[in-house]
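Novice: Got a structure for you, written out below as structure tokens; questions coming shortly.
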Amino acid sequence: MIKTLILDFDGTLADTQACIVASVQSTLNVLRLPSVPQEEIISRIGLPLRTVLTEGAHIPTGTLLEKSVDIYRQLFDEISPRTAHLFPHVKETLTRLHDKGTTLAIASGKSRRVLLQMMKDFDLLPLTGTIVCDNDVTHKKPAPDMALKVLSLTDTLPAEAIVVGDTTFDIEMGRAAGCMTCGVTYGNHNRDILKSSRADFLIDNFSQYISARFHEIKIFQHFNSDRNIVLHLI
């Protein structure tokens, strides 16, 4: 039985792409550095902030990077309340899963302060008892550490958990932790990229998790063998 969902936040539960891109570009503007193509930023959403800034925005490590982190966080706090929102059907799907007794956990590269505030704003805190953030592990996504910490905190075996995320970083984390994985195609990495990461399942809408009934292993196996077209299984 699948008893625990390990959920990514950005691009999986909440659409934060626009505010992340705007916050990075505004940070570059404050520092009087050239802007970058937004694809450079989007492709790295889900990685640690410093990685997004160094690899996506080409900010050199050192004092300037630390200054950019502070600027970004201030700008994100200002921009996100106006632009971030939950994806369709997220709240009701999580509520139904919670009411069925499924353990819902978050594994996010965000800082705990920012993540808790956003989850409070979206009224998700009552549904998720376990939250693992950037600050809680040494090795970030795509390393398995976040997923392994969730498994430990929830007393869950890898075979009893599924990692749900929108990027290859989430899928690689889940696979490395020994969990099954489900990619959502509406986030920051597209279907082809998620396929390349060998996700066990792909869904195009968060509510499809309910229709698939992944929490019932016999249904899970049925969908896997029949390659159900609704889920575009791979």
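The values are calculated or read from the model by the stated rules, or taken from the named source; none is laboratory data. Just so we're clear, the structure is a prediction, and the values are computed from it rather than from any experiment. Don't worry about glycine lacking a Cβ; one is built from the backbone with ideal geometry, like all the others, and counts go over all protein chains shown.
Novice: Here are some residues: V52, V90. Which one is without any contact (Cβ under 8 Å) to a residue 60 or more places away in the chain, buried (at least 18 other Cβ atoms within 10 Å of the Cβ) and under 20 Å from the mean Cα position of the chain (by Cα)?
Specialist: The match here is V52.
Novice: Right, here's the next one. Tell me whether segment 207-229 contains one or more residues that are of a type in the set (S, T, N, Q), assigned by TED's automatic domain parsing to the domain that holds S108 and either touching a Ser or Thr at 6+ places or on another chain (Cβ under 8 Å) or at pLDDT 95 or above (or both).
Specialist: Yes: segment 207-229 contains one or more residues that are of a type in the set (S, T, N, Q), assigned by TED's automatic domain parsing to the domain that holds S108 and either touching a Ser or Thr at 6+ places or on another chain (Cβ under 8 Å) or at pLDDT 95 or above (or both).
Novice: Tally the residues that are surrounded by fewer than 23 Cβ atoms within 10 Å (Cβ to Cβ) and either farther than 22 Å from P142 by Cβ or of a type in the set (F, W, Y) (or both), restricting the search to segment 20-35.
Specialist: Number satisfying all stated conditions: 11.
Novice: Now for a different question. Determine whether D134 is surrounded by 15 or more Cβ atoms within 10 Å (Cβ to Cβ) and acidic (D, E).
Specialist: yes
Novice: Is it true that M146 is more than 19 Å from G101 (Cβ to Cβ) and either in the same structural domain as A105 (by TED's automatic domain parsing) or not acidic (D, E) (or both)?
Specialist: Against the criterion (more than 19 Å from G101 (Cβ to Cβ) and either in the same structural domain as A105 (by TED's automatic domain parsing) or not acidic (D, E) (or both)), M146 qualifies.
Novice: Step by step: first the residues of segment 196-211, then only those that are in a loop (DSSP other than H, G, I, E, B) and at negative phi, then the one that is surrounded by the fewest Cβ atoms within 10 Å (Cβ to Cβ). Which residue is that?
Specialist: The qualifying residue surrounded by the fewest Cβ atoms within 10 Å (Cβ to Cβ) is D204.
Novice: Still on this model: For the structure I just gave you, tell me whether K100 is closer than 27 Å to D155 by Cβ, surrounded by fewer than 16 Cβ atoms within 10 Å (Cβ to Cβ) and in contact with a His (Cβ under 8 Å, 6 or more places away or on another chain).
Specialist: yes
Novice: Take the residues in segment 80-100 that are aliphatic (A, V, I, L, M) and either at pLDDT below 95 or assigned to a helix (DSSP H, G or I) (or both), then tell me which one is nearest to S26 (Cα to Cα).
Specialist: V90
Novice: Tell me, yes or no, whether segment 60-69 has at least one residue that is of a type in the set (D, E), in the same structural domain as P142 (by TED's automatic domain parsing) and either within 20 Å of the chain's Cα centre (by Cα) or more than 23 Å from I131 (Cβ to Cβ) (or both).
Specialist: Within segment 60-69, not a single residue is of a type in the set (D, E), in the same structural domain as P142 (by TED's automatic domain parsing) and either within 20 Å of the chain's Cα centre (by Cα) or more than 23 Å from I131 (Cβ to Cβ) (or both).
Novice: Let me ask something additional. May I ask you to list the residues in segment 132-150 that are among the hydrophobic types (A, V, I, L, M, F, W, C), in contact with a strand residue (DSSP E or B) (Cβ under 6 Å, 6 or more places away or on another chain) and under 16 Å from K3 (Cα atoms)?
Specialist: A147, V150
Novice: Now a separate question. Among the residues that make up segment 54-76, is at least one of them farther than 18 Å from V114 by Cα, touching an Asp or Glu at 6+ places or on another chain (Cβ under 6 Å) and of a type in the set (D, E, K, R)?
Specialist: No.
Novice: What pairs come out if I take residues in segment 186-211 that are under 16 Å from S43 (Cβ atoms) and pair them with residues that are modelled with pLDDT of 95 or more and among the basic types (K, R) whose C-beta lies under 9 Å away, six or more apart or interchain?
Specialist: Pairs found: N188/R44; S197/R175.
Novice: Out of the residues in segment 10-48 that are in a loop (DSSP other than H, G, I, E, B) and touching a Phe, Trp or Tyr at 6+ places or on another chain (Cβ under 7 Å), which is farthest from Y186 (Cα to Cα)?
Specialist: Taking the candidates together, the pick is G46.
Novice: Moving on. List the number of the failed condition for M118; all other conditions in (1) within 22 Å of I162 (Cβ to Cβ); (2) crowded, with 17+ Cβ neighbours inside 10 Å hold.
Specialist: All conditions pass for M118, except number (1).
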